[in-house]
């Protein structure tokens, strides 16, 4: 039981003894005592004043005296300041905690309790390699899955691969036109990079074909378009002429015009024809689709292995895109959906603060939300998970609100467990990335760059002269990937962020390498002391302030894991591990272990060293980060 829960139980018990008032322990607010006051933890008394009809000072004094006199030895002293009861825990409590937990590498983890969670992350498209945005997604998803495991859940890691549709056909068509039978083997390129190159080639050709059409439209000539598109273009052009000075609206209309123009280029017409052939199962189209996707999957697998991402089950959109059609019929019967005159089916979510949403087109084909509903049911039937966490960027916030609402209104068994772990986009100091323009930073290239920076920074420190070449390669990989993961996970997922490679590898800042270096430093201490031997049984019975600071921080790890899981937020662990490493370094710079005042004090400090290194290794593992034995 975490110390806060221990204090809550003790306070609840003594309130009942003093005042015959039963309070659930969880209802009693406990905070860490502020640094400017004496004490370890603080009981907030204001919520109790009204019930007990006592002023805060008197209540605090009576309760503090009762807690000291109770005989459980938990508290050594107290003070009351303006409605806050500050409690100092006895050294016996901290020493017992340290004795019981310092050797446990699984300290903080909960026993399995039977609840099952599915975490879906990555969700790549097979028309391009994984990029920087995918890295934040993968690191978040993997970390949340492991944090849930640490909190006692059975976890299923899944990925949905977007392997069909217009965007996939773009790469296929470009390869047919410009590829000259290029393969990963003939070019020496990873398959996902090769296919991604043809996606960019397609977009370049599309731009070239769209430019003269666009210029013609902007002169008012829309004769090359269908009657429907002509009407739209004339409407937009008319609005444009009335919007002088309104930059935002002008840009929106220009984008609408641009999209109509793009869709009327010869190459886009060819793409739609290819998609139709795919849907009809045309043998040649299917064969090309399977071959190019196989190149991409081989590339993905290599990247996943390199970054430490794994899945228990992979779903493919080509297998799931027809799911959910029966649910539309069911929803119509229940009155959840309604049909418009053109035959399309919708749901009205205006009472929920949203709007109307289409769930089936007039031609009978499903839309993404319908497929996602069907897949949610399919996954529930397969795994019966209590929760289903979708790790998807914040541009899809609306989509997942709609998904959960529809699932709840259809009374699907998977409905209440749907949770969208929304995260902000990640950008580089140079700005946003764009797949169409080929300005996306490939994950493989970024990892290579991080490893090079790790090598440069490490060599500058000059502390690895006795490493073999293989050991150095492993170390640079560990530091580079660790820096990348820590930097992307140290920020609250909800926040957008700018990734700066140089800043992420700093051996003195809020970074992965700083914590990795602390771990290696501690491991060095333990190796030396293991060789030295000595009496391990006699342990000091008192704690100096910096010794206590590390121990009290270590005790909080269980609560930190709970918080990170409840908030779906690995940055809670990142911040905590950094603070623990900082506090340990302050302790170590002040107090010698090798030359401790007594053997008892030395053994106490070794226990502090051991619990610290265990927690750092555990916390970094939950972030997907390896920690070196030496560096």
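What follows draws every value from the coordinates through simple rules; no lab data is involved. On a predicted model such as this, the values are computed, not experimentally measured, just so you know. Here the Cβ is made from the backbone with ideal geometry for all residues, glycine too, and neighbour counts use every protein chain on show.
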* To do: Per DSSP H run of at least 4 residues, take -39500 (n - 2.57); add these up for the chain, divide by its residues and hand me the 222 nm value, nearest 500 deg cm²/dmol.
  => -18500 deg cm²/dmol
* Compare the peptides 144-152, 105-113, 41-49 by average per-residue count of other Cβ atoms within 10 angstrom and give them in order, highest first. => 144-152, 41-49, 105-113
* Asked: In degrees from 0 to 90, rounded to the nearest 10, what is the angle of the helix 368-383 Cα long axis to the longest principal axis of the chain?
  -> 50 degrees
* Asked: Between residue 228 and residue 498, what is the spin-label point distance in nm, taking each point 7 Å from the Cα along the Cα→C-beta axis?
  -> 4.4 nm
* Asked: What is the Cα centroid distance between the range 595-615 and the range 495-568, reported in whole angstrom?
  -> 13 Å
* Given the peptides 127-134, 470-477, 20-27, arrange them by the average over their residues of other C-beta atoms within 10 Å, most packed first. => 127-134, 470-477, 20-27
* **Full-extension gain in nm, residue 298 to residue 2, via 0.36 nm per residue minus C-alpha separation** => 102.0 nm
* Using 0.36 nm per residue of separation minus the Cα-Cα distance, give me the extension gain between residue 116 and residue 186 in nm, one decimal. => 20.7 nm
* **Label point distance in nm, residue 340-residue 82, each placed 7 Å from Cα along Cα→Cβ** => 6.0 nm
* For the range 26-53, list residues with backbone N below 14 Å from a point placed 7 Å from the Cα of residue 16 toward its Cβ? -> 26-28
* Under a point spin-label approximation (7 Å from Cα along Cα-to-Cβ), what is the residue 595-residue 452 distance to one decimal in nm? -> 4.5 nm
* With axes computed from alpha carbons, what is the tilt in degrees of helix 266-279 against the longest principal axis of the chain, rounded to the nearest 10 within 0 to 90? -> 70 degrees
* Express in nm, to one decimal, how much length is gained between residue 27 and residue 506 on full extension, taking 0.36 nm for each residue of separation and deducting their alpha carbon distance. => 168.2 nm
* **Separation of alpha-carbon centers, the range 82-106 and the range 396-428, rounded to whole Å** => 41 Å
* Asked: To the nearest 10 degrees, how steep is helix 512-532 against the longest Cα principal axis of the chain, on a 0 to 90 scale?
  -> 40 degrees
